[in-house]
């Protein structure tokens with residue numbers, strides 16, 4: 001008989017002057033931190049997390065201004081990366097995470113790896129230079145139209161111009177791609193803008209499991 005897969009639980013972490021709402025799937029092994037794209041939220045990771053949770057502890061937060069996490073003043077990748085690092089540390093797993101940044105979350109994943117120990121980093125879907133065109137362009141460039149019908153409910157964007165404006169300073173920067181050390185295996189990169197977390201869940205899960 002196979003054991004039942006870990007169940008998803010939702011938590012709130014007290015960040016500096018704000019809070020982060022996140023989902024956790026408690027499995028064996030090191031943490032995997034999943035960072036969603038601009039205008040989406042943590043639910044985009046649910047199908048993938050269910051596939052991963054038998055081999056690791058999955059953490060999927062709502063980034064500031066998304067889902068149930070409020071938008072604090074003075075938003076910057078370094079500040080949010082610090083809050084996320086403290087969240088991961090609070091889990092008490094004592095193992096460096098694998099960090100996965102989807103599309104426009106790539107700068108945040110890189111900021112995390114620049115400041116804190118990581119076991120590996122995976123950047124999924126090249127972020128498109130459309131942020132100045134507004135939320136409709138951001139959503140269109142995400143490749144969400146390629147998501148299979150059964151997964152569409154996990155990719156409902158919040159078309160908020162103010163949210164796009166708040167993140168514009170992150171996205172105006174060139175995408176940083178630097179090697180990340182993780183026990184001798186190469187850091188990997190996926191750059192197909194087709195909402196890979198939901199359109200190719202099985203392949204993405206395999207890549208993440210390789211990094212573990």
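Residue count for region 89-119, restricted to those that are farther than 26 Å from residue 141 by Cα and surrounded by 24 or more Cβ atoms within 10 Å (Cβ to Cβ): 1. Give region 28-56 a look and list any residue that's over 13 Å from the mean Cα position of the chain (by Cα), within 16 Å of residue 204 (Cα to Cα) and surrounded by fewer than 24 Cβ atoms within 10 Å (Cβ to Cβ), or say none. Those that are over 13 Å from the mean Cα position of the chain (by Cα), within 16 Å of residue 204 (Cα to Cα) and surrounded by fewer than 24 Cβ atoms within 10 Å (Cβ to Cβ): 47, 50, 51, 53, 54, 55.
Test residue 129 against the criterion of being surrounded by fewer than 22 Cβ atoms within 10 Å (Cβ to Cβ), on the phi < 0 side of the Ramachandran plot and assigned to a helix (DSSP H, G or I), and give yes or no. For residue 129, the condition - surrounded by fewer than 22 Cβ atoms within 10 Å (Cβ to Cβ), on the phi < 0 side of the Ramachandran plot and assigned to a helix (DSSP H, G or I) - is not met.
Selection of strands (runs of 3 or more DSSP E) fully inside region 1-94 by the criterion of at least 1 residues being under 19 Å from residue 208 (Cβ atoms), touching a strand residue (DSSP E or B) at 6+ places or on another chain (Cβ under 8 Å) and free of Cβ contacts under 8 Å to residues at least 40 places away in the same chain returns 18-25, 57-61. Can you tell me how many residues within region 25-40 are closer than 21 Å to residue 83 by Cα and in contact with a helix residue (DSSP H, G or I) (Cβ under 9 Å, 6 or more places away or on another chain)? So the count comes out to 11. In region 164-171 there is at least one residue that is closer than 27 Å to residue 116 by Cβ and either out of contact with any helix residue (DSSP H, G or I) (no Cβ under 8 Å at 6 or more places or on another chain) or modelled with pLDDT of 95 or more (or both).
The values are calculated or read from the model by the stated rules, or taken from the named source; none is laboratory data. Owing to the predicted nature of the structure, the values given are computational and were not obtained by experimental measurement. Reconstructed Cβ throughout: ideal geometry from the backbone, glycine too, with neighbour counts over all protein chains shown.
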